[in-house]
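Asker: Right, I'll just put the structure down here and ask away after.
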Amino acid sequence: MLNPQRLRVLQAVVAAGSIQAATRNLHYSPATISQHLSALARETDLVLFERDGRGIRPTSAAQHLAEHAAEALAGLDRLARLAEDLRHGRSTHLSIACFSSASQQWLPDAITAARRVEGELTVEVSLNEPHAAPGPRPADIDIRNEVPEEAETHLEGYTREVLMLEELHAVLPADHDLAGQSSVRMSQLSQEMWVDHDIHDSPTGRIIRSACQAAGYSPVFSARLDDHHAALSLIRAGLGITVLPPLALLDMPEGLVVRQLSDPTPVRRIVAHVRTSQASSPVVVAALSSLQHQATTTPPSS
């Protein structure tokens, strides 16, 4: 088995670019680092560094080894944290995966509710957007968007809890010609330039494009990105309009207005998937109860 500490030294030297730089970062002597690298070379039977003038440079084998060691070392770090928690009686964790607006608007109260149950609770939150990496633990609660017209998502080992159906709204500059209307038909947006906040084709993006197609057109975009906050800034700058769910519009910047949509009204479904093995955990029950309450009391944008 490879020595983890030697792998960390290898990563540090490869990242720093030299042994001297790594000594400053690790607070080791050059001799200690050299000893670790020599021992690792013997363990792996690989040439890890080559002479480069007065210094050394990592071989491709060293670079690959350092890169692929990251996942294994991260796993060891998680085990070390678990052991530390167990030593101090902190054995309770809660892992939540969710999309960006739910993370911003719902999770503060949900985490607060869970920590009222277990004061030493450690909560790990990861985004489950299409472009995001998975979290370090399986999610105990996984909050997702769904397209109501598509087949329901059922995750193996999880139960479904529908939190809400949410109508999407149009977001316009305050001086837009349509801003004086209380409701906007989807067809009235056909000639507008759009700002796309969903470049990675999540369910919300599919819902919006489907509504446009039902109204007889495909939107033309002035900009495409993957952050609704940035999209709102572009709209405020006069670069177009967009369509967003109210959950993403609770902190609206000035200079924009929100209008209901009709013919058709795009709708998304928000579902919490609860890991079956953790469904009866008091912290999971508390967090889910908070999410359910917030979903029923989330005010519509106006």
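The values are calculated or read from the model by the stated rules, or taken from the named source; none is laboratory data. These figures come from a predicted structure and were not determined experimentally. With ideal geometry, Cβ positions are generated from the backbone for all residues, glycine too; neighbour counts draw on all protein chains shown.
Asker: Within segment 216-234, how many residues turn out to be in contact with a Ser or Thr (Cβ under 6 Å, 6 or more places away or on another chain) and surrounded by 16 or more Cβ atoms within 10 Å (Cβ to Cβ)?
Answerer: 1
Asker: Between residues in segment 84-103 that are farther than 18 Å from Ser289 by Cα and residues that are hydroxyl-bearing (Ser, Thr, Tyr) and modelled with pLDDT under 70, which pairs lie under 9 Å by C-beta distance while being six or more apart or on different chains?
Answerer: Asp85/Ser91
Asker: Next up: It is to be established whether one or more residues within segment 56-68 are outside the structural domain of Thr276 (by TED's automatic domain parsing) and modelled with pLDDT under 85.
Answerer: yes
Matching residues to (1) free of Cβ contacts under 8 Å to residues at least 12 places away in the same chain; (2) in contact with a Phe, Trp or Tyr (Cβ under 6 Å, 6 or more places away or on another chain):
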| residue | (1), (2) |
| --- | --- |
| Ala16 | yes, no |
| Ala21 | yes, no |
| Thr32 | yes, no |
| His36 | no, no |
| Glu43 | no, no |
| Leu48 | no, no |
| Ile56 | no, yes |
| Ala61 | no, no |
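Asker: Also, quick follow-up: Could you grab me the full set of residues in segment 142-181 that are over 22 Å from Trp194 (Cα atoms) and not in a strand (DSSP E or B)?
Answerer: Pro148, Glu149, Glu150, Ala151, Glu152, Thr153, His154, Leu155, Glu156, Gly157
Asker: Looking for whichever is modelled with pLDDT under 90, outside any helix (DSSP H, G or I) and more than 30 Å from Glu161 (Cα to Cα) here; the options are Pro299, Pro253. Which one fits?
Answerer: Going through Pro299, Pro253 in turn, just one is modelled with pLDDT under 90, outside any helix (DSSP H, G or I) and more than 30 Å from Glu161 (Cα to Cα): Pro253.
Asker: Ser281 fails exactly one of the following numbered conditions: (1) over 22 Å from the mean Cα position of the chain (by Cα); (2) in contact (Cβ under 8 Å) with a residue 12 or more places away in the chain; (3) more than 27 Å from Leu94 (Cα to Cα). What is the number of that condition?
Answerer: (3)
Asker: Which is surrounded by fewer than 18 Cβ atoms within 10 Å (Cβ to Cβ) and touching a strand residue (DSSP E or B) at 6+ places or on another chain (Cβ under 8 Å), of Arg144, Arg160, Arg115?
Answerer: Checking each option against the conditions leaves just Arg160.
Asker: From the list Ala97, Ala139, exactly one residue is at pLDDT 90 or above, in a loop (DSSP other than H, G, I, E, B), outside the structural domain of Leu239 (by TED's automatic domain parsing) and in contact with a His (Cβ under 9 Å, 6 or more places away or on another chain). Which is it?
Answerer: After ruling out the rest, the residue left standing is Ala139.
Asker: While we're here: With (1) under 20 Å from Ser101 (Cβ atoms); (2) free of Cβ contacts under 8 Å to residues at least 24 places away in the same chain as the list, and Ala248 as the residue in question, which single condition is left unmet?
Answerer: Failing condition for Ala248: (2).
Asker: Search segment 284-302 for residues being among the polar types (S, T, N, Q) and loosely packed, with under 15 Cβ neighbours inside 10 Å, and hand back the single one that is farthest from the chain's Cα centre (by Cα).
Answerer: Ser302
Asker: Does Pro203 count as touching a Cys at 6+ places or on another chain (Cβ under 6 Å) and not β-branched (Val, Ile, Thr)?
Answerer: When the stated conditions are applied, Pro203 does not pass them.
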